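Below is one structure; the comments refer to it alone.
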Amino acid sequence: MEDNKFYELVELYRNPEHYGKLSKYNYSEEGYSPSCGDKFSVYLDVENGIVKNASFDGKGCVISTVSLSKLCEFLVGKRLEEINSMELKDMEKLLGINGISISRVKCATVGLDAVKRIYKKSAEND
């Protein structure tokens, strides 16, 4: 990984965007990565199937925290059903990292897994 990308990710880890519990949300889900002990909650404000706002809180490693920050930014304005088809390669693209090591896959996808569970809950409610 190039030095600029490394420093960008560390800075985002120190000051993540979309961090903190939303004051208005209608879906939340917890995510846990046993490999690092990462534990987060994701909060979504969804209206007519479209994510109006997204945030997260909790503690974790650089990869999981930055992944959640980037994911929340990406989610705003998207239809929940679009997110359900996302995979690791999509998270790598959001992060700007190619080939996340197998030991860090769960870290990179802990937030995505939580959002997919939210999608399933929302689909059951429709």
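Observations on the structure shown:
- Test set (1) in contact with a Leu (Cβ under 8 Å, 6 or more places away or on another chain); (2) at pLDDT below 90; (3) not acidic (Asp, Glu) - MET86 fails condition number: (2)
- Just so you know, in segment 18-38 the residues that are of a type in the set (D, E, K, R) and under 12 Å from the mean Cα position of the chain (by Cα) include one that is farthest from ALA108 (Cα to Cα), and it is GLU29.
- Within segment 79-122, considering residues that are among the small types (Gly, Ala, Ser) and free of Cβ contacts under 8 Å to residues at least 12 places away in the same chain, the one farthest from LEU9 (Cα to Cα): SER85
- Whichever residue in segment 9-21 is touching a residue at least 24 places away in the same chain (Cβ under 8 Å) and in a helix (DSSP H, G or I) and, among such residues, is surrounded by the fewest Cβ atoms within 10 Å (Cβ to Cβ): VAL10
- Segment 22-34, residues that are surrounded by fewer than 14 Cβ atoms within 10 Å (Cβ to Cβ) and at pLDDT 90 or above: SER23, LYS24, GLU30
- In the set GLY77, GLY37, GLY49, only one residue is surrounded by fewer than 20 Cβ atoms within 10 Å (Cβ to Cβ), more than 20 Å from PHE6 (Cα to Cα) and touching a Leu at 6+ places or on another chain (Cβ under 6 Å); that residue is GLY49.
- Lone unmet requirement of (1) modelled with pLDDT of 95 or more; (2) in contact with a Ser or Thr (Cβ under 7 Å, 6 or more places away or on another chain) for LYS39: (2)
- Screening GLU124 with (1) more than 25 Å from LYS5 (Cβ to Cβ); (2) in contact with a Ser or Thr (Cβ under 9 Å, 6 or more places away or on another chain) gives one miss only, at (2).
The values are calculated or read from the model by the stated rules, or taken from the named source; none is laboratory data. Since the model is a prediction, treat every value here as computed from it, not as a measurement. Backbone-built Cβ (ideal geometry, glycine too); neighbour counts: all protein chains shown.
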